[in-house]
Structures are given as structure tokens and as C-alpha cells.
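Input: a single structure, listed below in C-alpha cells.
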Amino acid sequence: MKDETSYLSKSSLNDKNDRLYYLDWLRLITIIAVFLHHCSRIFDLRNAHAITGILPTIHREFDNLWMMPLFFMISGAAIYYSLKSRKVGEFIKERLLRILLPLIIIGVFVIAPPLSYLIEFINGQFSDNFFKWYPHYLKTWNPGYTGHLWFLIFLFVYTFILFVFFIPFGKQKASIFLRFSNLFKKSWGLLLLFIPLIAIAPLEIYSKRLLGGWDFLPYLLFIICGYLFFTNEQIKESLKRYCIASFAIALLLTVIYLLIEFSSVMPEISSYMLMNFNDLSSSSPPDLTWPLTGFFVLRHLAACFWMIAILGLAGRFLNFSNRFLGYASEAILPFYILHMTIVYLIGFFVIQWTVGMTIKYIIIALASFIITVLIYEFLVRRINVLRVLFGMKIKY
């Protein structure tokens, strides 16, 4: 059975007659996490705002361990199932319509400009109103800037970098990745799949963590792992079998990681991470090289165990559907596209109020969520032109 795929919205996650509803639930849970993550960003210690706090910063760093890695894992799984139910030409067409079209038309011309304007206005680079600024934006637009929609760029690029490994061929109609997936069907195969992710951990010393807390290469490996995890039934069963133990290990590693980063356990690392979070490529003191290497290996290990734990637990407890999931799954991509601009527009005004940080956070989150859902429900969902522009299927 063919089904709609957009990789953030409802997708072809069918294995013969069994739809993996838990991947839809995970996509929904993760997009809510992304939304709250962006609300916390306004109060992150590592951002130059008037009111910041340690709890929003810890919240965001915890999210960075699992949130975007999980999105790429799910996207890898979606690619596998999509190519099982589509011809290669249909798959390419679907990618262009469901990812590239919303990215260019909505992302570049509607969503990114207000974010860019707010940044320049706050930094004193532009003092006029938005409509006078907009022509300036079009003249000086950087093709690499799409705000939070960088995820769609990465997803599109990864698909075609790895396309030759994804596409089925030969009498068996099996891809290159699928042909060697049996190497990982044993229980220890889960960790074997993650060895490259652990191996590249030391490279974080030279990376820029501007996008979801990770860099280009780790996300590439996460999407490959996501694809491979769902090519083999034994791998999926191993995820369920070891999810509880993996959860306990992930939780322990996370506590250690956060203690190192935000407490006085290792003050040199804590200070370095706070000052250089957005650009770790700036040279670190020689005496921190090995401690930082161990710190980043710990981070990658925690992320890997979170992936096993989350996918396994979801497979055991969330493989069901209801009307809410059907509605929400279709809304995920439009919600993702819309939410951050709304969060920042509301946050710009709320942050100036003379109330506590917790009250500001709650107001920003509630108001942004309600407005985003209302725009989706009464505009995007009901108008076919907007449905297409937001990566949705035309409603007849």
C-alpha cells in the first residue's frame, strides 16, 4: 500500500501489512520536543539575551543528545519504506515536492525573513520596519540561510549523497545497504552499527555545533543507521529486547555528561563548553585535548544508547493508532515550518515584560503553540495551494 511521505509528516512506514505506527508517534513526540527546545532557546545562557537561566540551558543540552539524531534516524527508516513502495522516479518527485518546494517557497520567502529581521533589529543592524527591510533581505539573501529549516536542506542533500546506496536493484530488488544489513542482525550488531559514530567523537573538538547541537558528519551517520535498523526484523527485535537496559545506560551517561558540563566536577571543560558552544573549532588549550576527547566520546555513547532505548521502547509500547495520530501526523511538517518564527515573534515582546522567567516561558510556549495550530488548522490545512506549499497532499 502506498502512502504519503514527507519525512516530517505522515510517511510510508509500512512493512508489508504492518504499519509502524510507533515511528509516527516518535515523530510527533520529537516535534513537540523541538518546539519546547526553541522556546528554551530564548533563555539559554549561551545566547545574548537579557534574561537567561541554567535550567533552560540544561534542558536544551539534554535535548541535543537525542532530539535531532532521532529525527534523522526516523528519516532513514522512512527512506527505506518509501523506496519499498515507490519507484525511483516517484521517490525523487516526492522529495522535490515534499521537501524542496516548501523549503524554497515558504522557507526562503516567508519563514526565514522575520527571523533574520529580528536578529538584525535586536543587534542594531536595521532600525526601520520589516516591510522596508524586506527588499534589503532579498538583495543580500544568503542561499545557505533558511533558519531552523536547515533540517530539510540536510535531509535533501543526504538523500542524494547516499542515493546509490539506498536504491533497490537486481533480481532481489535490494539496495547496497540492504544487502549487508544481515551483518548486524545479531544482538551486538546494534552497537556495531554505532561504531563509526563513536569513532568520530574526537572530531567534535574541531566542529561547529550550530545545527541541533551536532555537525554534518554525525547526522549523516544517524540517517544511515536509521535506514539499516529497519531493513532487518532481527535488528528491530533487538531494539525491543535491549531498550530497558539501554535506557538505564543512556540515563546514567547523560547525568554524568550534564554534571561535567554544568557543574564544578571538571570546571575547565564546563567553562570551555559555555564559552565555545557554538564554535568548538576554536583552538582548545593543549591540556584539555584528552579530557575533551573523553567528554565527546561520552556524549556520542549517550546519544547511541538513547537511540536504542527510544526506538525499542516505542516499538514495544507505541505501535498503535487513533484519530488523533492521523490528524497530528499530517500536521507535523507544517507545524515544524511555522513554529519557530512564531515563537521568536512572540518571544520578542514577552521577553520585555517585568515578570519572572518561568512565567515568560509558559506564555511564550502556550501562545506560540496555539497560534501555530490555528494557522495550520484554518489556513494551511484547508487551502490546497498552501497544502502543496507546506509539503502536504492535495485534499479532494
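Just so it is clear, none of the values below were taken in a lab; they were calculated from the coordinates. Fair warning: this is a prediction, and the values are worked out from it, not measured in the lab. Virtual Cβ from ideal backbone geometry, glycine too; neighbours counted across all protein chains shown.
Descriptive notes on the structure:
- Checking the Cα-Cα distances for K208/K236; K186/K240; K132/K360; K84/K236; K186/K236; K208/K240 against a 22 Å cut-off, the pairs over it are K208/K236; K132/K360; K208/K240.
- 15 Å beta-carbon shell around H38, net charge (K/R +1, D/E -1): +1
- Against the empirical 2.2 N^0.38 Å (N residues), the range 181-322 has a Cα radius of gyration ratio of 1.15.
- Which of I260, I54 has the fewest Cβ neighbours within 10 Å, and the rest in rising order: I54, I260
- Listed residues I364, I342, I119, most fluctuating in the chain (Gaussian network, C-alpha, under 10 Å): I119
- Note on the range 266-396: semi-axes of the ellipsoid equivalent to its C-alpha gyration tensor, largest first and rounded to whole Å, are 38, 25, 15.
- If the chain linking Q125 and I370 were pulled fully straight, counting 0.36 nm for each residue of separation and taking away their Cα-Cα distance, it would gain 85.1 nm.
- Length gained when the stretch Q234-Q172 is fully extended (0.36 nm per residue, less Cα-Cα span): 20.4 nm
- Largest mean-square fluctuation among D287, D63, D44, in a Gaussian network model of the chain whose springs join Cα atoms under 10 Å apart, belongs to D287.
- The overall shape of the range 41-197, judged from the alpha-carbon gyration tensor, is oblate: a/c is not under 1.5, and a/b is no greater than b/c.
- Over all pairs of different C-alpha atoms in the range 315-367, the reciprocal of the mean inverse distance, the Kirkwood hydrodynamic radius, equals 13.5 Å.
- The listed peptides 198-204, 152-158, 66-72, ordered by packing as a protection proxy, come out as 66-72, 152-158, 198-204 (highest mean of other Cβ atoms within 10 Å first).
- Answer label, with Cα extents along the principal axes in Å calculated from the coordinates and candidates (i) 80, 52, 44; (ii) 85, 50, 41; (iii) 63, 60, 38: (iii)
- Pair-distance distribution of the range 108-164: all C-alpha pairs, bin width 5 Å, starting at 0; shares per bin in whole percent are 4, 17, 24, 19, 12, 9, 7, 5, 2, 1.
- Full-stretch length increase - L258, I51 - with 0.36 nm per residue and alpha-carbon distance subtracted: 72.4 nm
- Neighbour counts of C-beta atoms inside 10 Å place Y327, Y336, Y396 in the sequence Y396, Y327, Y336, starting with the fewest.
- A crude spin-label estimate for the pair L298 and V355, with each label 7 Å from Cα along the Cβ direction, gives 3.8 nm.
- FRET efficiency for the M275 to L251 pair, using the beta carbon distance and R₀ = 30 Å, is estimated at 0.60.
- Simple spin-label estimate for L183 and V388 in nanometres, 7 Å along Cα-Cβ: 4.4
- Rg(Cα)/(2.2 N^0.38 Å) for the range 55-123, N = residue count: 1.57
- Across all directions, the average flat footprint of the convex hull enclosing the Cα atoms of the range 136-247 is 9.8 nm².
- Modelled spin labels at L288 and I58, positioned 7 Å past Cα toward Cβ, are 2.2 nm from each other.
- Rel. contact order, % - alpha carbon contacts under 8 angstrom, at least six apart, the range 14-389: 26
- Sequence of R382, R86 once ranked by neighbouring C-beta atoms within 10 Å, starting from the fewest: R382, R86
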